[in-house]
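The values are calculated or read from the model by the stated rules, or taken from the named source; none is laboratory data. All figures in this text were calculated on a predicted structure; none of them were measured in a lab. All Cβ positions, even for glycine, are placed from backbone atoms using ideal geometry, and neighbour counts span all protein chains on display.
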Number of protein chains: 2
Amino acid sequence: MSLVVQKYGGSSLSDADSIKRVARRIVDTRKAGNRVCVVVSAMGDTTDELLDLADAVSPAPPERELDMLLTAGERMSMALVSMAIANLGDSARSYTGSQAGVITDDSHGKARIIDVTPGRIQAALDKGHIVIVAGFQGVSQNTKEITTLGRGGSDTTAVALAAALKADVCEIYTDVDGIFTADPRIVPTARKIDRITNEEMQEMAASGAKVLMLRCVEYARRFNLPIHVRSSFSHREGTWVLDPTEGETVEAPIIAGVAHDRSEAKLTVVGVKDSPGQAAEIFNAVAAAEINIDMIVQNVSAADTGKTDVSFTLPKSDGQTAVKKLKALKEKLGYDHLQYDDQVGKLSLIGSGMRSHPGVSATLFQALADAGINIEMISSSEIRVSVVTRDDQLDDAVRAVHTAFGLDSSDGEAVVYGGSGR
Amino acid sequence: MSLVVQKYGGSSLSDADSIKRVARRIVDTRKAGNRVCVVVSAMGDTTDELLDLADAVSPAPPERELDMLLTAGERMSMALVSMAIANLGDSARSYTGSQAGVITDDSHGKARIIDVTPGRIQAALDKGHIVIVAGFQGVSQNTKEITTLGRGGSDTTAVALAAALKADVCEIYTDVDGIFTADPRIVPTARKIDRITNEEMQEMAASGAKVLMLRCVEYARRFNLPIHVRSSFSHREGTWVLDPTEGETVEAPIIAGVAHDRSEAKLTVVGVKDSPGQAAEIFNAVAAAEINIDMIVQNVSAADTGKTDVSFTLPKSDGQTAVKKLKALKEKLGYDHLQYDDQVGKLSLIGSGMRSHPGVSATLFQALADAGINIEMISSSEIRVSVVTRDDQLDDAVRAVHTAFGLDSSDGEAVVYGGSGR
């Protein structure tokens, strides 16, 4: 008997009717002979409504209390899903994150799961119940306070529980059919990906693909847990995220997809003295403010000045903090001035086939040149190439690259299989 | 430094503005030099909205899951009150019933508090925090499941916590000014009671007075805890519910007030054999169905038939169950037929002065006779006389009795002080 962990997001739980539809799907999974543990998010707009309420009583509510408030959302949806299952004649038990043994660190609002002790869940499953667990929440190890995991936290709850329960699969139900070769809102010809390696998925998520959050993919990869991302509105197969050793690596496409990200800004420190240790001082200052930087470019020093420019990208939300921090250190660092630019976008091309196919970057740059798009920064990993462009050119860039690598669905079966060398 | 436990009901927490007003009052109490522990109900209509949601997914939801759902209501209000306090510059910590150590039995939806272990609350108070606790909820001792206490449960939470914390007073904030000599909607001249003994309050609550629930008063009486019932919309003194040894017993009025109750029905078993044990069999059958009966009347046996009628009152909500139960035993009990009547009302006159003033019943019956109201059943305790009337005559009866005992506010100071003998 298989153990299936399913996760349903807020868009699949928008009202009583959709809750009943989800309950039917859960019961069907159970009837098919599986043990079922379900992780739910808050219904539809509940979290936003709770945030509005919080905002109405306090402009800057304490994070502990905000977590207490927001966790009411999943509590409601888990009880309602459980009731809807009972109404179909099956037995369900709902558990909060704390009851389910989701142990986190103490960081309210962005807690990390550090352990899962699913004793009560296991016991309820052993008794034949369907188990419903509140996503997005846990209890802190030291202070025993209620915490929330931050964005995408319910996916992480599902994967962490699936790993702890040694589930056979973790099904992530959402309002789209799976992972696409690019965002279909930008590239109408984007295709659903049937299988993707968890390594590729990790790069996709890190590069801005929104369907699965990075932490959830990292967790699944660490525990070698298959994820099936699929729509709660159909019964079609979605996208399987698998360990590469389990995929058909020989026949895999070179390129898995094109991701984009508009959440970053570019900060340039102009006129830095070109001497050893200057860059380190800059990045130490930024790191001290707990700001994650992404891409870094340092220009070659102009021979007559002995000065250089250092650019890096960082989350827009951290932009003002970083600027303030570096301004405070202007004298110590000895640079000329700062340039902050939040009108940039990032395009990333991801595919494990890049390892054996060195021509990928050349094709990428050519496609962007042909489309008249200027590249401002470049970075790459083993299976990813990322470029920064003007924000208003990003959509064109994504479409041009998607076409250049033969990913458009109008190309039919002309997927880029191994051996083309481009 | 005094320890004050305050309880705010849903009508005092209807929206963001009223939450802020409550927060201001809590902070003022703290600033006056008290330690403060606050118990909150769910905001305004939240509980009804949650029940509607439950009803939309299941006509008969499992009670465990219903408790899980409903407890989200207090979770939201406690977090919001806590945030509003923080916004005023004071520090507050909110705790669920489970976290506050409210231990109950296993009866979902109507759990009874069997212990309070307020270790975390005490620790938070000791650190100087204002503590906000979710009312109406607890955790079951054996199964560690989330439970709710049923109607008026937040008042009971407040009194139980106050007793466990050895608080100096438990303030129950509501949307009326205190306890009145009768329901002001029926008797516009009803007066607010300044002090009432907890014994009288217990009889008032048991007789249908709605401001304080019976279980809460019983709890306060057992632990000899002063309750102050007052309005959250004003700063006027409300009604103090005190141990009689602490009140000015000598000068206490004979009559505390007139309560009424429309929640009961009358069931008459007609033509019962007038032999020993017949009544016992009837009431054993009703008791076996866990139905609480209130008043009982047995007619004198008609000499020529050897048969008698037995009437009793019971909650309307249990009426059909009782009828079914007794019908099933018709042959065994050997009665003629059943008469079920839910068009009745009960009036109760309460006052500890009755002990020393035997004329009270006579005055009561005369007042009702003068108003043309027929009495169908009578019962009394040491400090209470109750009569059953037609439902549509109950309001007139309450007004007539209120006037007859000089309780009307137009009487000014003409309160019935000791010694009148009527």
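For the stretch A:337-360, which positions are more than 18 Å from A:Ala182 (Cα to Cα) and in contact with a helix residue (DSSP H, G or I) (Cβ under 9 Å, 6 or more places away or on another chain)?
A:His337, A:Leu338, A:Tyr340, A:Asp342, A:Gln343, A:Val344
Quick one: B:Lys20 ticks every box in (1) charged (D, E, K, R); (2) buried (at least 19 other Cβ atoms within 10 Å of the Cβ); (3) more than 11 Å from chain A (Cβ to nearest Cβ) bar one, so which box is it?
So B:Lys20 meets the others, but not (3).
Can you name the number of the only condition in (1) among the hydroxyl-bearing types (Ser, Thr, Tyr); (2) without any contact (Cβ under 8 Å) to a residue 40 or more places away in the chain; (3) under 22 Å from A:Gly351 (Cβ atoms) that A:Ser275 fails?
Failed condition: (3).
Considering the stretch A:297-330 alone, what residues qualify as being among the hydrophobic types (A, V, I, L, M, F, W, C) and within 31 Å of the chain's Cα centre (by Cα)?
Passing the criteria: A:Val297, A:Val310, A:Phe312, A:Leu314, A:Ala322, A:Val323, A:Leu326.
Report whether or not B:Thr305 is assigned by TED's automatic domain parsing to the domain that holds B:Thr389 and either without any contact (Cβ under 8 Å) to a residue 40 or more places away in the chain or more than 28 Å from B:Ser381 (Cβ to Cβ) (or both).
The answer is yes for B:Thr305.
Please list, ordered by residue number, the helices (runs of 4 or more DSSP H) wholly in the stretch A:258-336 having 2 or more residues that are closer than 23 Å to A:Asp392 by Cβ.
A:319-328
With respect to A:Phe136, is the statement that it is in contact with a helix residue (DSSP H, G or I) (Cβ under 6 Å, 6 or more places away or on another chain) and aromatic (Phe, Trp, Tyr) true?
Criteria met by A:Phe136.
Mind checking whether some residue in the stretch B:27-44 is acidic (Asp, Glu), at pLDDT 95 or above and buried (at least 24 other Cβ atoms within 10 Å of the Cβ)?
No, the stretch B:27-44 has no match at all.
Only one of B:Ala252, B:Ala164 is at pLDDT below 95 and small (Gly, Ala, Ser); which?
B:Ala252
Whether any residue in the stretch A:207-222 is in contact with a strand residue (DSSP E or B) (Cβ under 7 Å, 6 or more places away or on another chain), more than 17 Å from A:Gly152 (Cα to Cα), modelled with pLDDT under 95 and buried (at least 20 other Cβ atoms within 10 Å of the Cβ) is what I want to check.
no
Give me a count of the residues in the stretch A:1-12 that are in a loop (DSSP other than H, G, I, E, B) and aliphatic (A, V, I, L, M).
Qualifying residue count, the stretch A:1-12: 1.
Is the stretch B:339-355 home to any residue that is more than 30 Å from B:Thr403 (Cβ to Cβ) and either aliphatic (A, V, I, L, M) or in the same structural domain as B:Arg384 (by TED's automatic domain parsing) (or both)?
Yes, because at least one residue in the stretch B:339-355 is more than 30 Å from B:Thr403 (Cβ to Cβ) and either aliphatic (A, V, I, L, M) or in the same structural domain as B:Arg384 (by TED's automatic domain parsing) (or both).
When B:Arg75 is evaluated against the numbered criteria (1) of a type in the set (Lys, Arg); (2) facing chain A (nearest Cβ under 7 Å); (3) surrounded by fewer than 22 Cβ atoms within 10 Å (Cβ to Cβ), which criterion, by number, is the only one it fails?
The number of the failed condition is (3).
Take the stretch B:27-45 and flag every residue that is in contact with a helix residue (DSSP H, G or I) (Cβ under 9 Å, 6 or more places away or on another chain) and either of a type in the set (Gly, Ala, Ser) or within 10 Å of chain A (Cβ to nearest Cβ) (or both).
B:Ser41, B:Ala42, B:Met43, B:Gly44
Scan A:Pro244, A:Pro253, A:Pro276 and give me the residue that is under 21 Å from the mean Cα position of the chain (by Cα) and not acidic (Asp, Glu).
Every option except A:Pro244 fails the conditions.
Among the residues of the stretch B:153-172, is any touching a helix residue (DSSP H, G or I) at 6+ places or on another chain (Cβ under 9 Å) and surrounded by fewer than 19 Cβ atoms within 10 Å (Cβ to Cβ)?
yes
Which of the residues spanning the stretch A:346-372 are within 27 Å of the chain's Cα centre (by Cα) and in a loop (DSSP other than H, G, I, E, B)?
A:Gly351, A:His357
Go over the candidates A:Arg64, A:Arg93 one by one and state the one that is within 11 Å of chain B (Cβ to nearest Cβ), closer than 21 Å to A:Gln141 by Cα and touching a residue at least 12 places away in the same chain (Cβ under 8 Å).
None of the others qualify; the one that does is A:Arg64.
Of the residues in the stretch B:51-61, how many are of a type in the set (A, V, I, L, M), at the interface with chain A (Cβ under 7 Å from one of its Cβ atoms) and under 19 Å from B:Glu145 (Cβ atoms)?
Total meeting the criteria: 1.
Does B:Val27 fit the bill of being within 19 Å of B:Ser82 (Cα to Cα), in contact with a strand residue (DSSP E or B) (Cβ under 6 Å, 6 or more places away or on another chain) and either touching a residue at least 60 places away in the same chain (Cβ under 8 Å) or among the polar types (S, T, N, Q) (or both)?
No, not satisfied.
Given the conditions (1) among the β-branched types (Val, Ile, Thr); (2) more than 23 Å from the chain's Cα centre (by Cα); (3) more than 23 Å from A:Pro59 (Cα to Cα), and given that B:Ile85 satisfies all but one, which numbered condition is not satisfied?
Unmet condition: (3).
Quick one: is B:Gln99 more than 14 Å from chain A (Cβ to nearest Cβ) and among the polar types (S, T, N, Q)?
no
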